[in-house]
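Notes follow the structure.
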Amino acid sequence: MAQFENGLFGCFSNIGLCVFSYFVPCYTHGKTAEAVGAGTCLICALSMFVPFLNIWALITTRGKVRESKGIDGTLVNDLVMICFCAPCAVIQSALEMGVHTPLGAGESMARV
């Protein structure tokens, strides 16, 4: 099976998405969930503000990203990534699904 195209700490490959997601992770998570059919952007974004529901939503979305891309992994692995490195895991999933920030802030520096 496949691996993630971007490593867990590969968030700097798209510095715009990295910075945007640091300040507004609910938007990035919502757009990623929308891309894999795990819900609407608004519902997933709002779930980020409810304790424990946010962990469930992030794990579910990450699992669907892995499933859609044929990536190895387990529920326990997803839980560990979300609990100990949530911002990086959110960005990694967003990069995998090609999520971009509004206003073109997600352009890679390599393309400039």
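Brief remarks follow.
- Net charge of neighbours whose Cβ lies under 14 Å from the Cβ of Thr60, counting Lys and Arg as +1 and Asp and Glu as -1: 0
- For peptides 17-29, 49-61, 84-96, sequence by mean Cβ density within 10 Å, most packed first: 84-96, 17-29, 49-61
- Distance between the pseudo-spin-label points of Tyr22 and Leu75 (7 Å out from Cα toward the beta carbon): 3.4 nm.
- By accessible area with a 1.4 Å probe, ligands and nucleic acids excluded, highest first: order of Glu34, Glu67: Glu67, Glu34
The values are calculated or read from the model by the stated rules, or taken from the named source; none is laboratory data. Everything numeric here is computed off the predicted structure, so don't read it as measured data. Positions of Cβ are backbone-derived with ideal geometry, glycine not excepted, and every protein chain shown enters the neighbour counts. These accessible areas exclude ligands, DNA and RNA; they are computed on the full protein's heavy atoms, side chains included. Shrake-Rupley method; radii C 1.70, N 1.55, O 1.52, S 1.80 Å.
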